[in-house]
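Written below as structure tokens is the structure these notes are about.
The values are calculated or read from the model by the stated rules, or taken from the named source; none is laboratory data. Values in this document were obtained by computation on a predicted structure and should not be read as measured data. Counting neighbours? That spans all protein chains shown, and the Cβs are built from the backbone with ideal geometry, glycine included.
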Amino acid sequence: MRHLFLSLFLLVNLIAFSQTQLSPVSWSVSYTDLPDNEGEIVFKAKIDPKWHIYSQRPTDAGPIPTSFSIISPAGIELLGHVQENDAHEEFVAAFDAKVFIFEKEAVFKQKIKRKTTAGATISAAVEYMTCNDRQCLPPKTVDLTVTVPAKK
């Protein structure tokens, strides 16, 4: 019985450790009101040490660029495209090419125009690929939502 308990304990720890290792990026989203009935959605990726994600810039080198699919409800207009903070160019051996990457943190911003004072929920899907110096994980899609509060 003791061996069974020990085996189960080790198996649970191994699964938990494996899942942590396979999720090197965590996403958060926030909203800030701006003047003139505009607002800004901020998507942040926290990236574990030794891992990176790719810029939105398209490339023929192989990695999947980060992309956003944002669904804006009635009364909310997306202004332009999602902007990103400064990705840096680096040679990535896995693709034998220079590509633009983010390490530690990536910040992406989408401006909106409010055409209503009612609150709204904005949904977004973020597709990204993450790699380290030894492996790349399959592309992943994360669904996020953010609330635009009603204006008084």
Inset, instruction - Return only the number of the condition from (1) at pLDDT 95 or above; (2) out of contact with any Asp or Glu (no Cβ under 8 Å at 6 or more places or on another chain); (3) not small (Gly, Ala, Ser) that Asp86 does not satisfy. - result: (1)
Inset, instruction - Kindly establish whether Val146 is under 23 Å from Ser23 (Cα atoms), under 20 Å from the mean Cα position of the chain (by Cα) and touching a residue at least 60 places away in the same chain (Cβ under 8 Å). - result: yes
Legend entry - Some residue of region 109-122 being at pLDDT 95 or above and under 25 Å from Leu22 (Cα atoms): no
Inset, instruction - Tell me which residues, restricted to region 62-71, are in a strand (DSSP E or B), surrounded by fewer than 18 Cβ atoms within 10 Å (Cβ to Cβ) and over 12 Å from the mean Cα position of the chain (by Cα). - result: Ile71
Inset, instruction - Take region 101-152 and flag every residue that is among the basic types (Lys, Arg) and touching a Leu at 6+ places or on another chain (Cβ under 9 Å). - result: Lys111, Lys113
Inset, instruction - Return the residue satisfying two criteria in turn: it lies in region 103-135 and is β-branched (Val, Ile, Thr) and over 26 Å from Glu89 (Cβ atoms), and of such residues it is surrounded by the most Cβ atoms within 10 Å (Cβ to Cβ). - result: Ile112
Inset, instruction - Would you mind finding the one in Val42, Val25 that is loosely packed, with under 15 Cβ neighbours inside 10 Å and within 13 Å of the chain's Cα centre (by Cα)? - result: Val42
Legend entry - So Ser72, is it more than 16 Å from Ile47 (Cα to Cα), free of Cβ contacts under 8 Å to residues at least 60 places away in the same chain, polar (S, T, N, Q) and touching a Pro at 6+ places or on another chain (Cβ under 9 Å): no
